[in-house]
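> Take a look at the following structure, please.
The values are calculated or read from the model by the stated rules, or taken from the named source; none is laboratory data. Owing to the predicted nature of the structure, the values given are computational and were not obtained by experimental measurement. Counting neighbours? That spans all protein chains shown, and the Cβs are built from the backbone with ideal geometry, glycine included.
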Amino acid sequence: MKILDEETLPWENLAFSLKRYWYWWIILIVTMIFDYLSTTVFVSRYGIHSEGNLTTKFIMENLGPNLGNFIGKLLQLLSVVCLVCLSRRLGNFFLLFVVLINCWAIVVNSLS
């Protein structure tokens, strides 16, 4: 696949990332689980209208809080996988960025 005049091999990029940055992928999954749990508690306490992520909020309003939160986390994982597949350098920075966002969300949800 050619993107921006650069030959990209999506599955090789993903395999490279999983092999070289395996610990970041584990941290991503752990932070996603804690974010899911803290968001569930936050939404049960303050309501769906208090959710800050507009995509997750929309899904929660239409499918219910638990399923919406779960699908939101799956979409987050899918976006990380897709970006890592598309770019070896930028995808791994995005992986780190999503880990930081999840950590921030856990703190914000827990302080409320």
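> Under the condition of being in contact (Cβ under 8 Å) with a residue 24 or more places away in the chain and under 14 Å from residue 98 (Cβ atoms), which residue from segment 30-41 is surrounded by the fewest Cβ atoms within 10 Å (Cβ to Cβ)?
34
> For the structure I just gave you, tell me whether residue 69 is touching a Phe, Trp or Tyr at 6+ places or on another chain (Cβ under 8 Å) and farther than 17 Å from residue 20 by Cβ.
Judged against the criteria, residue 69 is a match.
> Check residue 59 against each of (1) among the aliphatic types (A, V, I, L, M); (2) modelled with pLDDT under 95; (3) touching a helix residue (DSSP H, G or I) at 6+ places or on another chain (Cβ under 8 Å) and name the one condition it does not meet.
So the condition that residue 59 fails would be (2).
> What tally of residues in segment 44-55 results from selecting those that are closer than 26 Å to residue 95 by Cβ and of a type outside the set (Gly, Ala, Ser)?
Step one: filter segment 44-55 for residues closer than 26 Å to residue 95 by Cβ, giving 51-55.
Imposing the further condition that a residue be of a type outside the set (Gly, Ala, Ser) reduces the set to 51, 53-55.
Going through segment 44-55 one residue at a time, the tally reaches 4.
> Need a quick list: helices (runs of 4 or more DSSP H) entirely within segment 18-104 having at least 3 residues that are within 29 Å of residue 8 (Cβ to Cβ) and out of contact with any Lys or Arg (no Cβ under 6 Å at 6 or more places or on another chain).
Result: 22-46, 65-86.
> Condition check: at pLDDT 95 or above and closer than 29 Å to residue 90 by Cβ. Does residue 37 satisfy that? Don't jump to the end; show me each part of the working.
Values: at pLDDT 95 or above: yes; closer than 29 Å to residue 90 by Cβ: no.
No.
> Additional query: Within segment 42-91, which residues are free of Cβ contacts under 8 Å to residues at least 24 places away in the same chain, β-branched (Val, Ile, Thr) and either crowded, with 19+ Cβ neighbours inside 10 Å or closer than 17 Å to residue 106 by Cβ (or both)?
56, 59
> Within segment 14-28, can you find the residues that are within 29 Å of residue 69 (Cβ to Cβ) and either modelled with pLDDT under 95 or surrounded by 11 or more Cβ atoms within 10 Å (Cβ to Cβ) (or both)?
14, 17, 18, 21, 24, 25, 27, 28
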